[in-house]
Every structure is written in structure tokens, then in C-alpha cells.
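Report on one structure; see the data block that follows.
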Amino acid sequence: MFKQFPLAQTFGINTTSTMMVEGFTDEKHPAIPRKDQYVFRKNYLSDVLAYLANPCGDGLFLTGPTGSGKTSLINQVAARLNWPVQQITCHGRMELQDMIGQFMLVNGSMQFVHGPLAMAMKHGHILILNEIDLMDPSELAGLNDIIEGRPLLIPQNGGEIIQPHFKFRLIATGNSAGQGDQTGLYSGVLQQNIAFMDRFRVFEVGYPDKDQEKMILRHVLEGHGVSFDPVMDSITDKMILVASEIRNLFVGSKEASGELSITMSTRTLVRWATLMLAYKRAPNAMAYSLDRALTLRAEPAQREAIHKIAENIFGDSWGTKNA
């Protein structure tokens with residue numbers, strides 16, 4: 001049922017460590033995330049593996065800006081360890097009961113169907129609660145005992161008691177760290193109960209550095225059959241520089257708020273690169289794909305400012321067909 005995976009080979013990282021990581025033998029479980037091309041960052045990988053190996057009665061909370069790769073990090077670790085995942089995206093109207101289960105019509109009769117929380121606890125899966133800071137803190141308080149390892153009682157199902165499987169893990173992601181959104185950029189984020197947050201170990205997932213993002217883009221482009229020649233190398237360098245400038249204007253400084261209300265996450269940067277290939281016959285593929293990846297949801301003045309940033313970075317090549 002369980003087996004050991006070599007750290008370096010499994011996650012494609014350069015390390016002298018001969019460390020082995022425990023995962024599952026079953027490669028075909030339907031809840032195992034799809035394995036994608038992925039560049040692991042060693043410090044984040046280390047935090048996740050340490051938690052999976054020994055949660056010590058904690059949940060794991062990943063905070064960070066939109067599109068920085070919080071959820072994909074967990075899913076890609078799980079994919080390589082054959083660890084099944086139950087995943088929920090939280091929202092303001094979600095109730096704890098939605099996670100536990102409900103009665104549904106099955107083959108003509110009403111039956112209780114376990115939700116993702118119950119399934120994860122029962123079978124030793126990872127439960128990922130995405131955007132957890134959008135959910136009502138009073139509902140999330142019902143998870144306090146679960147995180148600490150106590151059983152789940154389901155009165156609606158005849159008092160069923162689910163003892164937590166020793167491989168059950170609860171991981172949450174959010175754009176805040178549970179203290180609410182001080183920037184005003186993430187609508188709907190709620191301040192969470194301090195007693196609830198005290199049950200998590202927390203780390204922040206930031207955007208990859210330049211070299212890491214370049215490696216990500218290289219994987220994506222080569223996966224689409226693109227040869228990573230010197231021309232493409234130069235293009236991706238400039239795309240990453242554009243993303244960096246946009247992020248700086250989005251974040252602002254300690255003295256002033258950001259000048260932009262949208263940002264270019266790593267997710268958006270990848271989208272820009274893939275759309276550039278899809279629209280390669282457009283009069284200006286770079287600008288055309290940038291619009292569809294990001295700027296068409298910006299205010300006109302901000303859209304113009306972002307395109308000006310790109311034009312200044314790309315220079316004369318910005319107006320050419322193949323950028």
C-alpha cells in the first residue's frame with residue numbers, strides 16, 4: 001500500500017540527499033492529481049514534505065499572492081507520491097456540512113453520500129481547502145477538533161463516527177494569512193478566528209524568481225513543440241521582465257498603494273506564453289495575446305500603461321508579427 005520514493009529523482013531537484021519520501025503504491029486511484037511538468041522550489045518542497053511526513057496535530061496553511069502556485073505545489077507533490085486528493089474551493093456561503101456530506105437520491109432511494117472531508121479522513125487523502133479565507137470563520141471553527149486528530153461525528157448518518165486515517169492531511173490556501181486583506185485587492189476575504197489559525201503551520205508562497213520562471217516557461221513552450229533557441233530565450237527574458245514591472249506597480253511600497261489593480265501572476269505569464277503560440281499569426285502576437293491573457297480585464301488607462309511597459313522592454317520587436 002505504501003512505498004518509498006527517492007527525493008531527487010521523484011521531484012527533479014539537484015541534491016546530494018539520499019532521502020526517501022513515503023507515498024502510495026497505487027498509481028491509478030482516480031483522486032490522484034494529474035502529473036504535469038513542474039519546477040519544484042526546494043524550500044517550499046521541503047516545507048510540504050515535512051508536513052506530509054509528520055503533521056504533529058497541525059494543518060498546513062499556504063498564503064501568497066494570486067497565481068503564485070500554492071495549490072499546484074500541493075497537487076504536484078501528491079501526483080508524484082500517488083497521494084489521492086480531495087479538493088474544495090471555499091466561498092462565503094459554504095457550510096461545514098457541505099464538506100461532510102448530505103443525503104442524495106441514489107438508484108431511486110435517499111442515501112447519505114460522504115463529502116470530501118469525510119472521504120479524506122476515512123481513506124487517508126489530502127484535503128485541500130482553496131481560498132479558505134473567503135469562508136465564514138464560524139463554519140470553519142467546526143474543523144478545529146478535526147485538525148487536532150479527533151474523530152468526525154455525522155449525526156445525520158445515524159451517528160456515524162469516522163476515525164481519521166493516519167495518512168489524512170488538511171491543507172488550506174489563501175491570499176491572506178487569516179488576518180483579512182489589508183490591501184483591499186482581494187474582495188470577499190474575511191478575517192479568520194485566531195483559535196482556528198493557531199492550529200496551522202503557515203508558510204508564504206511567493207512568485208518564482210527570474211531563473212525559476214524561465215525554467216517554467218521553457219517547460220511549457222517545449223511541451224508545445226517550440227525549440228528554445230536564442231530568439232525564444234530573449235523573448236522569455238523580456239516577458240519575465242514585463243511581469244516583474246507589472247508586479248512592482250501592483251504591490252506598491254510601504255508609503256503608497258500600488259498603481260495597478262491587476263497583476264501578472266506566474267499563472268498569467270504562462271497563459272501569455274501559450275496564447276502567444278495560439279495567436280502567432282496575429283499582426284502583433286505578443287500584444288494580442290497579452291490582451292487576452294491579462295489586460296482586457298484592466299481599466300483602459302491601466303491597459304495602456306501595461307502595454308507601454310511591454311513596448312519599452314521589447315523595443316522595436318514589439319510591433320512585429322512574431323515579436
Notebook entry, point to check: With (1) among the basic types (Lys, Arg); (2) more than 21 Å from the chain's Cα centre (by Cα); (3) within 30 Å of Ala293 (Cβ to Cβ) as the list, and Lys70 as the residue in question, which single condition is left unmet?
Noted result: (2)
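A quick yes/no check of all residues on (1) in the same structural domain as Glu131 (by TED's automatic domain parsing); (2) surrounded by 17 or more Cβ atoms within 10 Å (Cβ to Cβ); (3) of a type in the set (S, T, N, Q); (4) touching a Phe, Trp or Tyr at 6+ places or on another chain (Cβ under 6 Å):
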{"site": "Leu52", "(1), (2), (3), (4)": "yes, yes, no, no"}
{"site": "Cys56", "(1), (2), (3), (4)": "yes, no, no, no"}
{"site": "Phe61", "(1), (2), (3), (4)": "yes, yes, no, yes"}
{"site": "Ser68", "(1), (2), (3), (4)": "yes, yes, yes, yes"}
{"site": "Asn82", "(1), (2), (3), (4)": "yes, yes, yes, yes"}
{"site": "Ile88", "(1), (2), (3), (4)": "yes, yes, no, no"}
Item checked: Unmet requirement for Leu45, which otherwise passes all of (1) in contact (Cβ under 8 Å) with a residue 24 or more places away in the chain; (2) over 22 Å from Phe2 (Cβ atoms) -> (2)
Next item on the list: State yes or no: is Ser289 among the small types (Gly, Ala, Ser), under 30 Å from Gln76 (Cβ atoms), out of contact with any helix residue (DSSP H, G or I) (no Cβ under 8 Å at 6 or more places or on another chain) and outside any loop (DSSP other than H, G, I, E, B)?
Entry: no
Notebook entry, point to check: Got at least one residue in segment 203-217 being under 23 Å from Gln86 (Cβ atoms) and either surrounded by 13 or more Cβ atoms within 10 Å (Cβ to Cβ) or within 23 Å of the chain's Cα centre (by Cα) (or both)?
Noted result: yes
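Each row is one residue, and each column tells you yes or no for (1) over 16 Å from the mean Cα position of the chain (by Cα); (2) closer than 18 Å to His125 by Cα; (3) among the aromatic types (Phe, Trp, Tyr).
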{"residue": "Gln4", "(1), (2), (3)": "yes, yes, no"}
{"residue": "Thr10", "(1), (2), (3)": "yes, no, no"}
{"residue": "Glu27", "(1), (2), (3)": "yes, yes, no"}
{"residue": "Lys35", "(1), (2), (3)": "no, yes, no"}
{"residue": "Leu52", "(1), (2), (3)": "yes, yes, no"}
{"residue": "Leu60", "(1), (2), (3)": "no, yes, no"}
{"residue": "Ala78", "(1), (2), (3)": "no, yes, no"}
{"residue": "Gln86", "(1), (2), (3)": "no, yes, no"}
Checklist line | Residues satisfying the stated conditions in segment 16-43, i.e. of a type in the set (Ser, Thr, Tyr) and surrounded by 12 or more Cβ atoms within 10 Å (Cβ to Cβ) | finding: Tyr38
Notebook entry, point to check: Across segment 220-238, what is the total count of residues that are over 10 Å from Val270 (Cα atoms) and either in contact (Cβ under 8 Å) with a residue 40 or more places away in the chain or in contact with a Pro (Cβ under 8 Å, 6 or more places away or on another chain) (or both)?
Noted result: 5
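The values are calculated or read from the model by the stated rules, or taken from the named source; none is laboratory data. Here the structure is a predicted model, which means the values were calculated and not measured. Every residue, glycine among them, receives a Cβ derived from its backbone with ideal geometry; neighbour counts consider all protein chains shown.
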